[in-house]
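Undergrad: Here you go, one structure.
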Amino acid sequence: MPRAVAPGSENRLPPSDAVVLFDGTHLSGWLSVESGGAAQWKVLDGYMEVVPGTGDIRTTREFGDCQLHVEFATPSAVVGSSQGRGNSGVVLMGRYEIQVLDCYDNPTYADGATAAIYGQSPPLVNACRPPGEWQTYDVVWIAPRFEGARLVSPPYCTVFHNGIVVHHHRELIGPTTHRALPVWQPHRPVGPLKLQDHTNPVRFRNIWYRELRQQEDSA
C-alpha cells in the first residue's frame, strides 16, 4: 500500500466554462450501460447513490481530452474489507477506470487501491479521507489516438485525489482489465463517462468537466 497523506478540507465548484454532468438534482443526462434506458440509481439531498444490482451508468454526453472533477463518498458504515469495501469506479471514455474504494485503514492490492488506474498503476500515495466523508478526484485526461487499427498515441492522465497528486502524466497501457493483459481496441477520440456499480452504495456529486483544446497561435 502507498504511504498515507492527509488531504486538505476544501472541495471545488465548477468554473464558468465547465459542462456539468451531475448537479445533484436529476439523472436525465445518464443512462444504464446494460439496458440503454434510464439510470436507476437514487438521487438524494444533492448526490446520487449506487443502487446495488442496477448496473453501471454512463453519460449521454461524450468527450475526450478534458479536465474532470468528481466528488464521491464511500459508505460511513464500514462493511467488508479490501475490494469489498466502498468499491466503485470512475471510467473515462467508458474504458479506462480510476478506482473508487475505501482504503482508509483498509489494505488491498496496490493497483486496486483508491485512485489507482485499475490493474495498471497504483497511486503515488494513499490520500483517502475516513469513510462517509466527501472526497475529490481532479483528472487531466489526454485521450488515445488511433489511425485505423494502429495506436498513434496512448492515453495519459494526471490525477489529484483530495488535492494531492497521485498520478503525474501517467501513460496507460490499454483499457481496464482484471487479471489480464490489456489489448488496445481502436475507438473514437470521445466517449462517455461511466460510473461503476460494484454492489456498494457509493455516493457521487458535483461532476463536471472542461474540454481541453490545443492552444491556438495568436496572430
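We did not get these values from a lab; they are worked out from the coordinates using the rules stated. The structure displayed is predicted, hence computed values, not measured ones. With ideal geometry, Cβ positions are generated from the backbone for all residues, glycine too; neighbour counts draw on all protein chains shown.
Undergrad: Between ALA149, ALA115, ALA18, find the one with the highest GNM mean-square fluctuation for the chain; connect C-alpha pairs within less than 10 Å.
TA: ALA149
Undergrad: What does the charge count near PRO175 come to, summing +1 for each Lys or Arg and -1 for each Asp or Glu among other residues with Cβ under 13 Å from its Cβ?
TA: Surrounding charge for PRO175 is +1.
Undergrad: Another question, if that's okay. Obtain the nm distance between the two label points defined at ARG150 and ALA180 by a simple spin-label model: each point lies 7 Å from its Cα along the Cα-to-C-beta direction.
TA: Placing both labels 7 Å beyond Cα along the Cβ direction yields 2.7 nm.
Undergrad: What are the equivalent ellipsoid semi-axes of the range 100-158, built from the alpha-carbon gyration tensor (square roots of five times its eigenvalues), in whole angstrom, biggest first?
TA: Over the Cα atoms of the range 100-158, the semi-axes work out to 29, 13, 8 Å.
Undergrad: Quote to one decimal, in nm, the extra length available between ARG188 and ASP111 on full extension: 0.36 nm per residue of separation minus the C-alpha distance between them.
TA: 25.1 nm
Undergrad: Considering only the other residues whose Cβ falls under 12 Å of the Cβ of THR54, what net charge follows from Lys and Arg at +1 and Asp and Glu at -1?
TA: Local net charge: -3.
Undergrad: So, one more: If you put +1 on each Lys and Arg Cβ and -1 on each Asp and Glu Cβ, how big is the dipole of the chain around its Cα centre, in Debye rounded to 20?
TA: Taking the Cα centre of the chain as origin, the dipole is about 340 debye.
Undergrad: Shape call for the range 1-83 from the C-alpha gyration tensor, a ≥ b ≥ c root eigenvalues: rounded (a/c under 1.5), prolate (a/b greater than b/c) or oblate?
TA: oblate
Undergrad: Let me spell out the model: positive unit charges on the Cβ of Lys and Arg, negative unit charges on the Cβ of Asp and Glu, origin at the Cα centre of the range 24-84. What dipole size does that give, in debye rounded to 20?
TA: Here the size comes out at about 100 debye.
Undergrad: Given the chain, report the % of alpha carbon pairs whose separation exceeds 25 Å.
TA: Result for the distance tail: 35 percent.
Undergrad: Within the range 167-194, list the residues whose amide N lies under 15 Å from a label point set 7 Å along Cα→Cβ of GLU62.
TA: 185-194
Undergrad: Let me ask something else. Excluding GLU34 itself, calculate the net charge of residues whose Cβ lies under 11 Å from the Cβ of GLU34, where each Lys or Arg counts +1 and each Asp or Glu counts -1.
TA: Net local charge, GLU34 excluded: -1.
Undergrad: Enumerate by residue number the trypsin sites (Lys or Arg not before Pro) in the range 144-219 meeting two conditions: DSSP loop (anything except H, G, I, E, B), and at most 13 other Cβ atoms within 10 Å of the site's Cβ.
TA: Counting only loop positions with at most 13 other Cβ atoms within 10 Å, the trypsin sites (Lys or Arg not before Pro) in the range 144-219 are ARG179, ARG213.
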